[in-house]
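Following: one structure in C-alpha cells, then a few remarks.
The values are calculated or read from the model by the stated rules, or taken from the named source; none is laboratory data. The structure displayed is predicted, hence computed values, not measured ones. Neighbour counts run over all protein chains shown; Cβ positions are idealised from the backbone, glycine included.
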Amino acid sequence: MVEENLYRIVEVSVKRGTDRRDVGIMTVRQALALPDVPSLEYTDPDRKTRSGGPFITRAQLQAYACR
C-alpha cells in the first residue's frame, strides 16, 4: 500500500434501498479498517469534493490504496 494514499480523506455512507446514511469522514486507512459490509460506500479520494458522490466500492478503495 502507498502510505500517502492511506491518509487521503473519504466520506463513508451506508446505503439501504434509496436511503443513504452518513457513517463519517475518515482517512482511507480508517475506512478500510471498517468491517467488510457490502452496503458501505466511499467517496472517491481523488475528487476535490467529498460530499454527494460519486461513490466507489471497498474493492475500488483498496485498489486506490495500493497504487
field: Members of segment 26-44 found to be within 12 Å of Gln62 (Cα to Cα), surrounded by 14 or more Cβ atoms within 10 Å (Cβ to Cβ) and among the charged types (D, E, K, R), listed by number
entry: Arg29, Asp44
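Would you tally the residues in segment 45-59 being at pLDDT below 90 and not in a loop (DSSP other than H, G, I, E, B)?
Let us first name the residues in segment 45-59 that are at pLDDT below 90, namely 46-54.
Applying the additional criterion that residues be not in a loop (DSSP other than H, G, I, E, B) yields none.
Residues flagged as at pLDDT below 90 and not in a loop (DSSP other than H, G, I, E, B) within segment 45-59 amount to 0.
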Among the residues listed as Val23, Val10, the single one being touching a Pro at 6+ places or on another chain (Cβ under 6 Å), surrounded by 13 or more Cβ atoms within 10 Å (Cβ to Cβ) and either of a type outside the set (Phe, Trp, Tyr) or part of a strand (DSSP E or B) (or both): Val10
task: Being without any contact (Cβ under 8 Å) to a residue 12 or more places away in the chain and in contact with an Asp or Glu (Cβ under 9 Å, 6 or more places away or on another chain) is the filter here, so list the residues in segment 2-23 that pass it.
output: Asp22
